[in-house]
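Reading through the structure tokens given below for one structure.
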Amino acid sequence: MTSIGLLVPLYLLPAVTHNEVVLTILIFTFILGIMATGFNIVFGHAGQLTMFHAAAFGIGSYATYLAMVGLKLPFWLALLPAVAVVTALSLLVGWICFQFRLKEFYFAVVTLAFAELARLVVLNWTSLTNGTLGLLVLEKPTVWLPGAGVTRIDGTFAWYWLTLTALLLVACASAILVRSWIGRNLSAIRLNEDLAQTLGINIFRYKLLAFTVSNVLAAFAGALFGFYTNYIEPAYLSVTQSLDAIAMVLLGGIGSILGPIVGAFLLTALPHAIDLTAEVRAATYGAILILAILVMPRGIVGFFRRRPRAS
Amino acid sequence: MSQVIAGQFLNGIIVGTLYGIIALGVTMTFGITGIVNFALGQFMMIGAYAVWHLTDVARLPFPVAAGLAIIIAALAGFLADQTLFRFTRNNLVNGLLVSIGLISVIESAAIYFYTATPKNMDFVLSGSWSVGEITLSRMKVLSFGLLVAVVALTWAGLARTWLGRATRAYAQNPEAAMLMGVRTSALQTGVVVYSCALAGFGGALYASLYSLEPSMGALFILKGVEAAILAGVGNLPGALVGGIILGVTESVGSLFLPVAFRDAYGLVFLVAILLFRPAGLFGGQK
């Protein structure tokens, strides 16, 4: 919890700087940090390498927008049907994978297959999704603020505070989750699945829970991402989106609260910090991923922490 | 209509053997080093670009260029093994992530040196044979023959030679093989390099048939993994057959269902096989 406290001073940053680039990078960091935090629950704690979160991210943004336009709902209520869709899909995919006891490589490959199928469906369901052209999002979320009433979230400052708040809430919820008995059971599954089962942990149920929670968080991140960038496209569901989250968690520090957020910040900021062409940027990204795994297997946060974590 | 189906069927077989050669590499690497080299498709791309460069720019004859391309792909594989994969032996997740990082690096290098514009190689072997209503380009038939020969030789080599026996022994029981005097780390490096050389060979033939782009590798590794799992991981001739089944389904299926779902067949196969017959169609060699 103390580590989340380190993020609170970020609320004051807009008072110090009005630099659009810095604030925009941080907004993307906060949004992608939500997805990475979700991925950290299923991979860092439960030890299941899923490739489905890009699908959840993309479906979350499409479903929120379509519910908002189709059902004339405000953003926050439109999130509910989106979460329902992603939960249902996660339960289905997770049920199939865990019921048939798919592990490691096979779990990764099958979730990847489902994510690719989802992408193909989104890409070709043109009447609903407008195909490769994507959807232009003109609506914005609104929030009720004391004194100001219902306010449209528009402009850099509003988005900065909204996404920071969202990230802090998600990080707190995730910290509470992984420190509870649920988190301990997930760690038990990661460290020794057979032993966990022998000790009476229902591994099927806990894996399914971790998988679903992480996908719902990815869907939430996807919805924020689509409404912030005003644009939703099928590429949100692509494999690279999944790989980004994996790289963020590994680089920042697997299994820690702050790690995914640090990773999200570094991978968002690096391409802007150094002026790079697209190819060199992709190569740098790959090199960072390789180095993170070979040199700092516990990521940046783990690297600077003195004692290795117990669970 | 029937000759259209037959034509697509034959096209599917050609593409399928290319899937199969990657699947062979996937299956062998997984059996011996415990990881899947997801960058195998990029080694295929290295082979393809090498052959394009050597024939169209350096003006070497195709067989020489193809031989050099195989060597280049093998050297790249050796380099990758010594600097990266050596440290991720039997750690599937790390191997997966390292090879994914490698994909970005190799692909960006290809875009940097050769740009993203597709390249078309001059015809190596023009002309075609006609059987009834169906015409088949000679190069496609030749490629098919060469790829099948390579798979057959690999299989025979594993079955007959001392090195093959050592490899199979290692796959069965690493400790026992080590005690019998098998130099295991050399063997693991050898298998990684061999799989990259196979991919480079596949790439060289691909270059003579289709146009090249730096992103071509991503498709092939996915199909290769699908074919290997379809056949059963560890089954060498099965990898080729799995690739052909996949290639034929895609080609023929595209006649009846929207082409957009071409890539979905393999995914559906993959899920169905892993759920209902995890050892694969022909059973793995575990």
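Going through the stretch B:167-183 one residue at a time, which ones are surrounded by 13 or more Cβ atoms within 10 Å (Cβ to Cβ) and within 13 Å of B:G31 (Cα to Cα)? Across the stretch B:167-183, the qualifying residues are B:T167, B:R168, B:A169, B:Y170, B:A171, B:P174. Of all residues in the stretch A:86-105, those satisfying the criterion of being within 10 Å of another protein chain (Cβ to nearest Cβ), part of a helix (DSSP H, G or I) and surrounded by 19 or more Cβ atoms within 10 Å (Cβ to Cβ) are A:V93, A:C97, A:F105.
Hey, does the stretch B:113-134 have a residue that's part of a helix (DSSP H, G or I) and within 14 Å of chain A (Cβ to nearest Cβ)?
Within the stretch B:113-134, one or more residues are part of a helix (DSSP H, G or I) and within 14 Å of chain A (Cβ to nearest Cβ).
I'd like to know if the stretch B:47-56 contains one or more residues that are surrounded by 19 or more Cβ atoms within 10 Å (Cβ to Cβ), more than 26 Å from B:R165 (Cα to Cα) and among the polar types (S, T, N, Q). There is at least one residue in the stretch B:47-56 that is surrounded by 19 or more Cβ atoms within 10 Å (Cβ to Cβ), more than 26 Å from B:R165 (Cα to Cα) and among the polar types (S, T, N, Q).
Give the residue, chosen from B:V36, B:V98, B:V51, B:V64, that is assigned to a loop (DSSP other than H, G, I, E, B) and either among the aliphatic types (A, V, I, L, M) or in contact (Cβ under 8 Å) with a residue 24 or more places away in the chain (or both).
B:V36
For the stretch A:235-255, a residue qualifies if it is among the hydroxyl-bearing types (S, T, Y) and either in contact with a Phe, Trp or Tyr (Cβ under 6 Å, 6 or more places away or on another chain) or away from chain B (no Cβ under 11 Å) (or both), and exactly one does: A:Y236. So the check is Cβ under 6 Å with 6+ separation or different chains; which pairs have a first residue in the stretch B:210-231 that's touching a residue at least 24 places away in the same chain (Cβ under 8 Å) and a second one that's of a type in the set (S, T, N, Q)? Short answer, once both residue conditions are applied: B:S211/B:N120; B:G217/B:Q42; B:A228/B:T27.
Taking the criterion of being within 30 Å of B:I273 (Cβ to Cβ) and within 21 Å of the chain's Cα centre (by Cα), the only residue of the stretch A:121-158 that qualifies is A:V122.
Within the stretch B:194-237, the set of residues being in a loop (DSSP other than H, G, I, E, B) and either polar (S, T, N, Q) or crowded, with 24+ Cβ neighbours inside 10 Å (or both) comprises B:S211, B:P214, B:S215, B:V233, B:N235.
FYI, it's all coordinate maths here, none of it is from the lab. This structure is a prediction, so every number in the text was calculated from the model and none was measured. Quick reminder, even Gly has a Cβ in these numbers, built from the backbone with ideal geometry, and neighbours come from all protein chains shown.
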